[in-house]
Amino acid sequence: MSSAGAQHRGATARASQSGVPDIAAHVAFCRRADECGMDSLLTAFGFHRPDPIVLASALAMLTERITFMVAVRSGVSSPTALVQQVNTVAALTGGRICLNIVAGHTPAEQRAYGDFLSHDERYERTDEFLTICRSLWSGDGPTTFNGKYYTIDSARLNTPFVSRERTQPEIFLGGNSLAAEQLAMKHADCLWRLPDTPERLRPRVATLVDRGVEVGLLVSVIARPTREEAVDAAYRMIESLGAKPIVTHRDFASSSDSVAFTSTYKLADETASGWLSPYLWSGAVPYLGAPAIALVGSADDVASAIIEYRDIGITQFLFMGWPDIEEMTFFSQAVEPLVRAKEAGAALRMAVSSW
């Protein structure tokens, strides 16, 4: 959602992108998401973007229902300050905030924020960060913590997390690495990861689900009335972008230490056709980045793909699309009803077979 109003933003080098949000486009997107029945919208983190919690706060004041999933990096602010910010947004919005915890994707950007830790060290630090945050949200008294990365002495906050349903925000942790999975099992409600085929994901998803952690996919969507129209739209999109974005993302991939990003770039490089399955397409990744790995097809194709992922234990989805509002609208009108119908049919079949 942080790119609302900027078509194919991922094709442009981050250094040349504006971090000034088009507030009218963001409000229009939020209100359309409300009408489409979306649960939440992500405000992402990066030097090329507006600050995610400030943007979420502004948009929350202009909307009534939608929840904002705010991206957070542990090395940017103190856990006490972050909890204070989150609790303030919750108090102003009735709890319409949740967190997407991300460890970072490139050492160069991390260093610009004063963070010089390696990939695995960033996850170790995030463990301490979330331990402190959860202690503050528990409200059991002043929080004191003495760790490798944080030392906190008698922290307390007079602004609680305000919500009818929860005493603290839902925590979504991003990453494809084993370090991300281990941290998710300790602290997260859900692990966000970039997709692979259901067959290859099944064992890793099962491990997390068995530990009580949901698994979600961050995946793009290109859905049209027919498969032919969807595939044509996908191919025409990358043709329109030219070759320059390929160089941009090749440079980005070579400098990234994110397992989620680098493994998805590798999938795209290893698959000449771009098709990892009948529905999962990596062809846009070299042009628009790792999150552009997409479910492509008719409304029924995409609904069937979602059900395949649901069948291996994936229960949440964070979607992107091009154009964003049009794709979200078509998804809500054509794809989601089919997903609900297929879910209901599967439940009925299970009930009949068990009877």
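Look at segment 77-100: where a residue is outside the structural domain of R134 (by TED's automatic domain parsing) and without any contact (Cβ under 8 Å) to a residue 60 or more places away in the chain, no partner that is buried (at least 21 other Cβ atoms within 10 Å of the Cβ) and of a type in the set (S, T, N, Q) sits 6+ places away or on another chain with Cβ atoms under 6 Å. Considering only residues in segment 147-169 that are assigned to a loop (DSSP other than H, G, I, E, B) and among the polar types (S, T, N, Q), the one that is surrounded by the most Cβ atoms within 10 Å (Cβ to Cβ) turns out to be Q168.
Okay, residues lined up against (1) under 17 Å from the mean Cα position of the chain (by Cα); (2) crowded, with 18+ Cβ neighbours inside 10 Å; (3) closer than 24 Å to S177 by Cα; (4) in the same structural domain as A108 (by TED's automatic domain parsing):
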| position | (1), (2), (3), (4) |
| --- | --- |
| P245 | no, yes, no, no |
| S255 | no, no, yes, no |
| S263 | yes, no, yes, no |
| K266 | no, no, yes, no |
| G274 | no, yes, yes, no |
| A303 | no, yes, no, no |
| F330 | no, yes, no, no |
| Q333 | no, no, no, no |
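Within segment 53-74, the set of residues being within 19 Å of the chain's Cα centre (by Cα), outside any helix (DSSP H, G or I) and not basic (K, R) comprises I66, T67, F68, M69, V70, A71, V72, S74. Can you find even one residue in segment 278-297 that is crowded, with 22+ Cβ neighbours inside 10 Å, part of a loop (DSSP other than H, G, I, E, B), under 19 Å from the mean Cα position of the chain (by Cα) and of a type outside the set (G, A, S)? Yes: segment 278-297 contains one or more residues that are crowded, with 22+ Cβ neighbours inside 10 Å, part of a loop (DSSP other than H, G, I, E, B), under 19 Å from the mean Cα position of the chain (by Cα) and of a type outside the set (G, A, S).
Among A233, A223, A184, A206, which is at pLDDT 95 or above, surrounded by 22 or more Cβ atoms within 10 Å (Cβ to Cβ) and part of a helix (DSSP H, G or I)? Just one listed residue meets the conditions, A184.
Looking only at residues of segment 59-110 that are farther than 18 Å from T126 by Cα and among the charged types (D, E, K, R), we find that the one that is modelled with the lowest pLDDT is E64.
The values are calculated or read from the model by the stated rules, or taken from the named source; none is laboratory data. Source: prediction; values computed, not measured. Heads up, the Cβs are rebuilt from the backbone with ideal geometry, glycines too, and the neighbour counts pull from every protein chain shown.
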